């Protein structure tokens, strides 16, 4: 593209002369500490509620208390992760006397115990008792099962 007149070099700022963005200012309440996103959301919700109620937003108090932190200080999160040898093995066709090409992923021939049945039942019972006991004495939260300090023992 041909241009008439003086030819010079173009700079980025000449083509895209954008104003500089102002320095971001933190949101503060009562001139104290900057607000978190969660606190800003609570204040916005308060303002929307006040608008619906046709009331003054300053009449509605926003409580900034971390309930999760208070809960954690009053108990513990418990997670049971049990790993043990199952003591069983899948039966093979040869073990049942079936001859020929009968290996199929769709047909399961059963399992055989590799430990005495009493020990097998006891191990399964203990696992079930542990999980049931945890459910009985705890509360389900998003972090796991929470047990109050009074029920921990």
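Identify the residue in the range 92-102 that is modelled with pLDDT under 75 and loosely packed, with under 11 Cβ neighbours inside 10 Å and, among all such residues, is nearest to residue 82 (Cα to Cα). The qualifying residue nearest to residue 82 (Cα to Cα) is 101.
Taking residue 39, is it exposed (fewer than 10 other Cβ atoms within 10 Å of the Cβ) and either at pLDDT 85 or above or part of a helix (DSSP H, G or I) (or both)?
Values: exposed (fewer than 10 other Cβ atoms within 10 Å of the Cβ): no; either at pLDDT 85 or above or part of a helix (DSSP H, G or I) (or both): yes.
So residue 39 fails the test.
Residues of the range 44-86 that are within 26 Å of the chain's Cα centre (by Cα), at pLDDT 85 or above and either more than 30 Å from residue 112 (Cβ to Cβ) or surrounded by 10 or more Cβ atoms within 10 Å (Cβ to Cβ) (or both): 44, 45, 75, 76, 77, 78, 79, 80.
Would you say residue 7 is farther than 30 Å from residue 150 by Cβ and at pLDDT below 70?
Values: farther than 30 Å from residue 150 by Cβ: yes; at pLDDT below 70: yes.
Considered against the rule, which asks whether it is farther than 30 Å from residue 150 by Cβ and at pLDDT below 70, residue 7 comes out as yes.
The residues of the range 103-153 that are under 16 Å from residue 87 (Cα atoms) and assigned to a strand (DSSP E or B), listed by number, are 111, 112, 113.
The values are calculated or read from the model by the stated rules, or taken from the named source; none is laboratory data. Keep in mind it's a predicted model, so treat the numbers as computed, not measured. Using ideal geometry, Cβ is built from the backbone for each residue, glycine included, and neighbour counts are taken over all protein chains shown.
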